[in-house]
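So the structure is just underneath, and the comments pick up after that.
Please treat every number below as a calculation from the coordinates, not as lab data. Quantities reported herein were computed from a predicted structural model and do not represent experimental measurements. All Cβ positions, glycine included, derive from the backbone under ideal geometry; neighbour counts span all protein chains shown.
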């Protein structure tokens, strides 16, 4: 069958279907990282305790890690005083970021602000970040 025997409307339909399929595949590939950022997954089989070396968390800084398959963060408020909490915003589940200069967390999705202890400072979050148990054992910070 040669190109002259295929009607032009069938060629046009074929090209439109191929373009739509390619566009859908590109959209799915582009949307996947955004979906993973906005909706962190949960892993039920993860360890219930996490150990972090004390030297990794300097005073006034935050250290992000995975706790039971979800993003979490530990902050050293003053020398030897650590707090740990979930890094997932209580508004829509986005992952917060640490604002070193301000000493607070910021949710990039809707501008929710949290103190270094996880308390709501402003924006739409309805409740504080979920706190996690912290213990200092020698040179290790044990969360959970």
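General remarks:
- Within the listed set 33, 126, 71, the Gaussian network model of the chain (springs between alpha-carbon atoms below 10 Å) gives the highest mean-square fluctuation for 33.
- Computed over the chain with a Gaussian network model linking Cα atoms closer than 10 Å, the most mobile of 65, 14, 82 is 14.
- Going from the fewest other Cβ atoms within 10 Å to the most, the residues 73, 136 appear in the order 136, 73.
- Rg over Rh, two decimals, the stretch 50-143 (C-alpha only, Kirkwood Rh): 0.96
- Ellipticity estimate at 222 nm from DSSP helix runs (n ≥ 4, -39,500 (n - 2.57)) divided over the chain, nearest 500: -8000 deg cm²/dmol
- Fewest-first ranking of 55, 49, using other Cβ atoms within 10 Å as the exposure measure: 55, 49
- Helix 8-38 axis, angle to the chain major axis (alpha carbon atoms, nearest 10°): 0 degrees
- Fraction of beta bridges assigned by DSSP in the chain that are antiparallel (%, nearest 5): 95 percent
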